Amino acid sequence: MRRRMPTLLSAALLLATAGCAISEGGPNSLVFVSYGQGAYQAGQRAAWLDPYEKQTGTTVTLDGPSNNAKLKAMVEAGKVTWDVVDTDASAAAAVCGSLLEPVDMGAQAAGFPEGSLTDCGVPDAFFGMMLMYDSKVYGQHPPTKLADFFDPKQFPGRRIIYGGDPSVGTIEAALLADGVPRDRLYPLDMRRALRMYDRIRPQLAISSTYGDQQQRMAGGQADLALIVSARAFSLLKAGATNWKVVPGIPVPVTWDVLVVPKGTARAEEAKKLIRFASQPAQAADFAARAGVGPANTAAPAARSEIARQLDIWGEGKEDLRVLSNVRYWAANRPALVKAWSDWTTG
Amino acid sequence: MTAAATRAPAVPRAGREKRRTSWLLLPAAAVVLVFFFYPLAVILWRSFAEPSFGIGNYLAVLGDEVQLRVLLRTLRTALIITAATLVIGYPYAYAMTLVGRRARSLLTLLVLMPFWTSLMARNFAWYVLEQRGGVLDKALSAIGFDGVVLLGSVAGVTVAMVQVMLPFMVLPLQSSMLGIDRTLLHAASSLGARRPIAFLRVYLPLSMPGVLAGVSVVFIMSLGFYITPALLGTPQQALVAQVIGTQVNDLLDFAGAGALGTILLVVTLVVLAVLGRVAAPLGTSAAGGAGRG
């Protein structure tokens, strides 16, 4: 028996060390989770995390990419290593209370656009679903309205959308294009929206990641695109200058939120960081760096030319913004996502 | 355990030796148990237990036309990939056993180079090759096939996956072929068999273990492949792994994904069992025939 001990011991040791490999962080540190390399996360680092570290002495470590399934697995396993997570608003609203801590924003709540703040999700970035076109292809006769995207006769050419998550404005854009008044979008008529996409099915490419969509647009694999503004920003900044935004048309707006997973030992500290990031100056700084709409409406407008094209809060855009109904999406998400993925894979 | 310990002295030396060394398997067994069987058991359990106990998740998958279509598409794609790698890999592995040492190392290197290259790098290379205006598009239009864009099609995914899977076919084939005694072929021809007949009745049956190993590995890996279809394909032609991904990541439906995964596992096991049934007697009886010849 004694002879067997080393093997058993080494096996046990191996398992023990494997279990401890996940770093817990100390009391004076936070783990912030976002979407990986790029203007978005770099903007968060520069606008929020660095100043916060300087001000409070708390070390903030970045982890990523943000993933709702991983978050769920962590909370269920009772081993939460994430403190603040950047995720999409409707997914967060759907698991508020079960996987996420409520975050009370107090007086700061007034700074957010109406209906965007939910019990667990604090908006940190707003995205518009933009209609873009390749100006080399449609130089003389550019598209001017959302319906043009769904009209292959007047506007022949290859279309591209992001298909991973229909809640980013994909469905709303189709309904708006079909003439549904903005105040009667919800409850969403999914069948009507899918009939719109049926019209362009032969011309439509669906990307399963934003990166793929950007890549194909930059590589001339598409002529028309529905794309979220933050990705359009990176695309234009990277020099895809023949792509133009169709101005003056309705823009479905969705947003990302900061959430605190249930079960983190540093929930209070995490909420402090969220309140810090939600201040006007911090929100504006991040928005300018990442090309997103600032979450805090008290923040000054973005300046750069590219940012102005994609800005959803700018002057004269009040009548064009169509904010997503996250509560509707949260309540109906499984059925809507199922209908969408059935259509795409069918 | 105490019974085994007291009985131990009675066991002959070789047996005792075996018993002692079998403990060396313990760490590996523990790793497999903890990192494979335990999660698998949890997934299985959840697929039956959530949201309410029963087989609801399985009925949902089997009653869902789209998911069944995806499952069939996955099986078909995996079969095509397996067949293609076999057709390309068999002659290649055969050639490797014929040539001299230098040429063989070159051929081995050609197989292993892509094998060692990062999967992501290879997938992105295919991404560039297959896109509109890419090398393949241009080459195809030069010979009269206009506007064939492989990117985002099942064909494009298949071509790339064949390249990714090829080493998994060639290596087991080659190792089993190296073990075949080529004097048997000479014996066959000295007894009057023409070369193709000698190959079909002697060599091919003897190489069956390698074929089976290669086919099983490629088929199983193709069924669960995620990266290549996700990168080069589109949701319009999704394979099962991507649908499972949607269920886990977008819907947080771990139980439904578990059910779909379990069905995929069962289908895989059934296909493998059938494959083994069909191939095993073929190999042995033909080999027996060769022995008689």
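The values are calculated or read from the model by the stated rules, or taken from the named source; none is laboratory data. As the structure is a computational prediction, the values presented were derived from the model and not from experiment. Quick reminder, even Gly has a Cβ in these numbers, built from the backbone with ideal geometry, and neighbours come from all protein chains shown. For accessibility, only protein heavy atoms count, side chains too; no ligands or nucleic acids. Shrake-Rupley method; radii C 1.70, N 1.55, O 1.52, S 1.80 Å.
Would you mind getting the accessible area per residue of the range A:201-346, heavy atoms of the protein chains only, 1.4 Å probe, in Å²?
Here the residues of the range A:201-346 average 38 Å² of exposed surface.
Is it possible to state the helix-based mean residue ellipticity at 222 nm for chain A, with each DSSP H run of 4+ residues giving -39500 (n - 2.57), the sum divided by total residues, to the nearest 500 deg cm²/dmol? What is it?
-11000 deg cm²/dmol
Calculate, in nm to one decimal, what B:ILE227 and B:PHE124 gain on full extension: separation in residues at 0.36 nm each, minus their alpha carbon distance.
Full extension from B:ILE227 to B:PHE124 adds 36.0 nm.
Run the simple label-point estimate for B:VAL99 and B:VAL42 please: 7 Å along Cα→C-beta, distance reported in nm.
4.8
How far apart, in nm, are the 7 Å Cα→Cβ label points at A:ARG275 and A:ALA107?
Each label point is offset 7 Å from its Cα along the Cβ direction, giving 1.1 nm.
Specify the inter-centroid distance of the range A:113-175 and the range A:278-309, based on alpha-carbon positions, in whole Å.
The distance from the Cα centre of the range A:113-175 to that of the range A:278-309 comes to 20 Å.
Identify the residues of the range A:53-85 with backbone N under 17 Å of a label point that sits 7 angstrom from the Cα of A:SER29 along the Cα-to-Cβ direction, or state none.
A:53-54, A:56-64, A:80-84
How big is the dipole moment of the protein assembly as shown about its Cα centre under a simple scheme where the beta carbon of each Lys and Arg is +1, that of each Asp and Glu is -1, and everything else is neutral? Debye, nearest 20, please.
3360
Over the whole of B:29-38, what's the average partner chain Cβ count within 10 Å per residue? Rounded to a whole number, please.
2
Express the carbon and sulfur contribution to the solvent-accessible surface of the protein assembly as shown as a percent, rounded to the nearest whole number, probe 1.4 angstrom.
Ligands and nucleic acids excluded, carbon and sulfur reach 64 percent.
Report the accessible surface area buried between chains A and B, summing both sides, using a 1.4 Å probe on protein heavy atoms only, in Å² rounded to the nearest 100.
That pair hides around 3000 Å² of surface in total.
For B:TYR38, B:TYR94, what's the largest-to-smallest order of accessible area, 1.4 Å probe?
Heavy-atom accessible area, descending, gives B:TYR38, B:TYR94.
Report the calculated FRET efficiency for A:ALA42 and A:ASP151 (r = Cβ-Cβ distance, R0 = 45 Å), to the nearest 0.05.
Efficiency for this residue pair is about 0.75.
Let me have the relative contact order for chain A, percent, based on Cα pairs under 8 Å that are six or more residues apart.
Answer for chain A is 26 percent.
Residue by residue through the range A:167-179, which ³J(HN,Hα) values in whole Hz follow from phi under the Karplus form 6.51 cos²θ - 1.76 cosθ + 1.60 (θ = phi - 60°), with glycine and proline marked x?
These are the phi-based 3J(HN,Hα) values: 7, 7, x, 4, 6, 4, 4, 5, 5, 4, 5, 7, x Hz.
Beyond 50 Å, what percent of the Cα pairs of the protein assembly as shown remain?
Counting pairs separated by more than 50 Å, the tail of P(r) holds 23 percent.
Counting only helical runs of four or more DSSP H residues, what would the 222 nm mean residue ellipticity of chain B come to if each run contributes -39,500 (n - 2.57) and the total is spread over all its residues?
Computed mean residue ellipticity for chain B: -24000 deg cm²/dmol.
What is the distance, in nm, between label points placed 7 Å from the Cα along the Cα-to-Cβ direction at B:LEU25 and at A:SER98?
Between B:LEU25 and A:SER98, the label points sit 4.2 nm apart.
What is the distance in Å between the Cα centroid of the range B:65-95 and that of the range A:180-244?
Between the Cα centre of the range B:65-95 and that of the range A:180-244, the gap is 33 Å.
Which lysines, on any chain, are close to A:LYS79 with Cα under 24 Å apart, when same-chain ones fewer than 8 places away are left out?
Correct list for A:LYS79: A:LYS70, A:LYS262, A:LYS271, A:LYS272.
Dipole size in debye (nearest 20) for chain A around its Cα centre, Lys and Arg Cβ +1, Asp and Glu Cβ -1?
Its charge dipole is roughly 960 debye.
Before anything else, pin down the relative contact order of the range A:190-300: Cα pairs under 8 Å, at least 6 apart, normalised by residue count, whole percent.
19
So which chymotrypsin sites (Phe, Trp or Tyr not before Pro) in the range B:18-76 are both in a DSSP loop and have at most 16 other Cβ atoms within 10 Å of their Cβ?
Listed in order of number, the matching sites are B:PHE53.
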